[in-house]
Amino acid sequence: MSRLLLLALLAAPAAPPDPTALLQRAEKAVLGENAVYTMRMGVQRPGKPERVVEMKGFKKGDERGLLRYTDPPKERGTAYLRVAGSTWLWLPSAEKAVRVGAKQNFGGGDFSNGDIFRLSLSRDYVATLAGAESALGQECWKLELKARDRSVAYDRVLMWVRRDGTDFPVRIEYFTLSGRKLKWLTFSDVGRLGAHTRPRLLVMESALESGQRTELRFLTIDDNPRLEDRLFTPSALERGE
Amino acid sequence: MIALLRLALRNLVRARRRTLLTGGTMALGTAALVLGSGVADGISRQLVSGLVTTQTGHLQVVARPLDFEPQNSPFDAYSQERLPGAVELARRIETEGAAVGVQRAVPLLYARGTAIAGNRTTLASIIGIDVPREADLLAAAPAVAGVPLPPGDPLAVYVSQAMARKLRLQPGDSVSFVVQTPQGAVNSGDGVVCGVFRKGAPWHENAFYVPLAAAQALMDWPGDATSVRVLLARSGEGALFEAQAAISALVARSAPPAVAGTRVRVETHRQAGRFFFSIIQANQTALVVLSSFLFLAAAVGVVNSMLMSVHERTREIGTVRALGMRRGVVVQMFVMEGLVLGLLSAAAGLLAGSAVVLYLGARGIAMNTLTLAWLAGGDRLWPVLRAASMGRAALAIALLSTLAALYPARVASRLEPREALHHV
């Protein structure tokens, strides 16, 4: 009898998760609360050689992020700083920090500044569970995210999150106000990096411009760094700290 | 006076070669002035009519940021700020502004974004217009392929030649736009190219004209635009300021509140298009400098020619002085000679200069480089012949010739009859 009950419990479909909690877990799958990391970005354009840059990044909570180019040498020193809603770009050749829009593309690729420094999806979107689907060969929960207001870059976002208990995101699709798919992001190459197992390769592809894609490969991640607030200021950006 | 005139003509005919050389120089100077004025007037007309027809109208109602500083750029005339209730405001201005000469008031929506065709992208100026009411604007951008925006086609896109070339677009091809709305969201829209317009002013190279409703949907601004273009029956300064005052009062009375951080202004095309008027001013300054050199060269020529005339006619002057001609009459004789020479040269120069301006005005001058196209406000310049410019050139040359004759006349009048008669 008890064996039958156990079988019945195992056969029963898993209870649908709380979409907001699932979203919060999914968005912490790659980078946690605080992190210092290095990554390589490859921008691919049809008929052009791939442009590759390496960066070192710092993340502190949901409000602060900093990325510095470390390679190639001619781009070394270029840096992006995000503090709350503002993003600055430091161009060493001009020796000037200029404010840039969150929706402008990041480093000439398919990610926007907002995508790179997106610190909290759950803050900008209302999540609902849109069912269970398979994505990239994984059983996933499908989340539908609707922007809380019209100031959010993508009016609608679809997100597939693994159902295997890891809560790793697998695919994210971004839509414009008019409902057109703008681009999609895939998470792959799950493996150990730093203290955790996580997706290590993020690929953003444009839905409007065929053949355009940008890869972000995380090379190292330190999940428990001590980061001071003064690192995340425009003056620190200028000093090259 | 008639005798002096006859004498002047006789002297000019007698020294035919010298008259031809001096007069020819002045005629060339006059022709150059007429041509220079024709070119400057052509640039001025082209810039102002382009500004009025395609951008601002004679007046525009526009929202500007509170800290707006013009950048002396052709894009200053456009605003990307939202003008709430622009469509309704345009209707009211047209209805209630008839008394101050308002012929038409039409909303326009200017936005910047990205245009995408296949795997090609480019930055785009997306300009939403009220198609059935913008015949003049569309006529200023004539089609080189396909047709201008047809009324009633919500998907039509009229693209500049430069953009069509860059995105490899032809009539019938699809094009997509991606913009960031002022609220912050990313939006997209699709269209089908109905026509390609001739590349005109360089600042219209990135232009994609679309129906106003399509631009409003793209920017998520139903009923709104970025400006209201007001076209007047009369465009003189008095009429312009009268209409500006009346429309400002109407806007203050009935326009919806401006978006935070902006204020609504009624600008004349001169205020909105300072960039264009600075080009016109620069051209006029260049013309004044050119004229100064021409005048100087012509004056030296006249003085030289007259001094030679005095030298050759020393004995003759001595004879008439000995016969009792007063010094004043001698001065008048030479001044009259200068005046007649100036008038004849001016007439010849006007004829030649006008012919050249008319010819170039009919054919146009290719502005092949980007700098020239920026200066002329288009890739082709059509000089214009204006009576006022011709009159100024003729008057200036005749006056210069007369004044330049004063010094030789004075030299001639000071000759002593006794010494002059002994001159060999």
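The values are calculated or read from the model by the stated rules, or taken from the named source; none is laboratory data. It should be emphasised that the depicted structure is a prediction, and the values quoted were computed from it without experimental measurement. FYI the Cβ positions are ideal-geometry reconstructions off the backbone, even for glycines, and counts take in every protein chain you see. Accessible surface is based on the protein model in full, side chains and every heavy atom, while ligands, DNA and RNA are left aside. Shrake-Rupley method; radii C 1.70, N 1.55, O 1.52, S 1.80 Å.
Would you work out the relative contact order for segment B:351-424, in percent, from Cα pairs under 8 angstrom that are 6 or more residues apart?
On the way: 35 pairs, mean separation 17.6, N = 74.
That works out to 24 percent.
From the alpha carbon gyration tensor of segment B:217-268, can you work out the equivalent ellipsoid semi-axes (sqrt of 5 times each eigenvalue) and give them in Å, largest to smallest?
25, 14, 9
For segment B:309-410, what are Rg and Dmax over the alpha carbons, in angstrom?
My reading of the Cα-based Rg and Dmax gives 21.4, 68 Å.
Using the Cα atoms as the points, what is the convex hull volume per residue of segment B:141-294 in Å³?
Once divided by residue count, the hull of segment B:141-294 is 189 Å³.
Per residue, what volume in Å³ does the Cα convex hull of chain A take up?
Expressed per residue, the convex hull around the Cα atoms of chain A is 142 Å³.
Where does segment A:163-241 land on Rg(C-alpha)/(2.2 N^0.38 Å)?
Numbers: Rg = 17.1 Å, N = 79, 2.2 N^0.38 = 11.6 Å.
For segment A:163-241, the normalised Cα radius of gyration comes out at 1.47.
In peptide B:173-186, what is the residue-averaged number of other protein chain Cβ atoms found within 10 Å of each Cβ? Write out the running numbers ahead of the final one.
Details: counts 0, 0, 0, 3, 1, 7, 3, 7, 7, 2, 5, 11, 12, 15.
What the average comes to for B:173-186 is 5.
Would you please report the Å³ per residue occupied by the convex hull of the alpha carbon atoms in the protein assembly as shown?
In the protein assembly as shown, the Cα hull volume divided by residue count equals 231 Å³.
Sum -39500 (n - 2.57) across every DSSP H segment of at least 4 residues in chain A, then divide by the residue count to get the 222 nm mean residue ellipticity, nearest 500.
Numbers: 5 runs with 33 residues, N = 241.
Computed mean residue ellipticity for chain A: -3500 deg cm²/dmol.
Please give the peptides B:271-284, B:235-248 ranked by average Cβ packing (other Cβ atoms within 10 Å per residue), highest first, as a rough proxy for protection. Working shown, then result.
Working: B:271-284: 18.3, B:235-248: 15.9.
Descending packing order for the listed peptides: B:271-284, B:235-248.
Would you mind classifying segment A:100-230 by shape? Square roots of the alpha carbon gyration tensor eigenvalues, ordered a ≥ b ≥ c; an a/c under 1.5 is rounded, otherwise it is prolate if a/b is larger than b/c and oblate if not. Please list the in-between numbers first.
Numbers: a/c = 1.37, a/b = 1.11, b/c = 1.24.
Rounded, since a/c falls under 1.5.
Mind checking the mean number of beta-carbon atoms from other chains within 10 Å of the Cβ atoms in A:179-190?
The mean count of partner-chain Cβ atoms within 10 Å per residue comes to 1.
Between B:Glu316 and B:Leu403, what is the FRET efficiency for a Förster distance of 35 Å, r being their Cβ-Cβ separation, to the nearest 0.05?
With R0 = 35 Å, the Cβ-Cβ based efficiency is 0.90.
Kindly give Rg over Rh for segment A:62-131, based on alpha-carbon atoms, with the Kirkwood expression for the hydrodynamic radius.
Ratio of gyration radius to Kirkwood radius: 1.07.
Quick one: 3J(HN,Hα) in Hz for segment A:128-141, Karplus 6.51/-1.76/1.60 with θ = phi - 60°, rounded, Gly and Pro as x.
So the J values, rounded to whole Hz, are 10, 7, 9, x, 10, 8, 9, 9, 6, x, 10, 6, 9, 8.
If you take the alpha carbon radius of gyration of chain B and divide it by 2.2 N^0.38 Å, what ratio comes out, to two decimals? Walk me through the intermediate numbers first.
Numbers: Rg = 30.2 Å, N = 424, 2.2 N^0.38 = 21.9 Å.
Compared with the compact-globule rule of thumb, chain B sits at 1.38.
Which of the DSSP-defined H helices in chain B satisfy a minimum axial length of 30 Å, computed from C-alpha atoms, and a minimum mean Kyte-Doolittle hydropathy of -1.0? Before the final figure, lay out each step's value.
Numbers: long enough: B:16-50 (49 Å, 0.46); B:274-312 (56 Å, 1.27); B:327-363 (54 Å, 1.51).
Helices passing the filter in chain B: B:16-50, B:274-312, B:327-363.
Got a number for carbon plus sulfur as a percent of the protein assembly as shown's accessible area, 1.4 Å probe?
Values: 17900 of 31070 Å².
Carbon and sulfur: 58 percent of the exposed surface of the protein assembly as shown.
A:Lys74: which lysines have alpha carbons under 30 Å from its alpha carbon, excluding same-chain residues fewer than 8 sequence positions away?
A:Lys48, A:Lys56, A:Lys59, A:Lys60, A:Lys96, A:Lys103, A:Lys183, B:Lys166
Just the ratio, please: alpha-carbon radius of gyration of segment B:159-232 over 2.2 N^0.38 Å, N its number of residues.
1.21
Just to confirm a number: summing +1 for Lys and Arg and -1 for Asp and Glu over residues other than B:Val230 whose beta-carbon lies under 9 angstrom from that of B:Val230, what do you get?
On the way: positive: B:Arg104, B:Arg229; negative: B:Glu94.
Neighbourhood net charge equals +1.
Do you know the relative contact order of segment B:145-220, to the nearest whole percent, from alpha carbon pairs under 8 angstrom that are 6+ apart?
Worked out over segment B:145-220, it gives 44 percent.
Pairs of Cα atoms under 8 Å, at least six residues apart: use those to get the relative contact order of segment B:94-192, whole percent.
In percent, rounded to a whole number, it is 26.
Output the Kirkwood hydrodynamic radius of segment B:11-68, Cα pairs only, in Å rounded to one decimal.
Working: mean 1/r = 0.0645 Å⁻¹.
Computed over segment B:11-68, the radius equals 15.5 Å.
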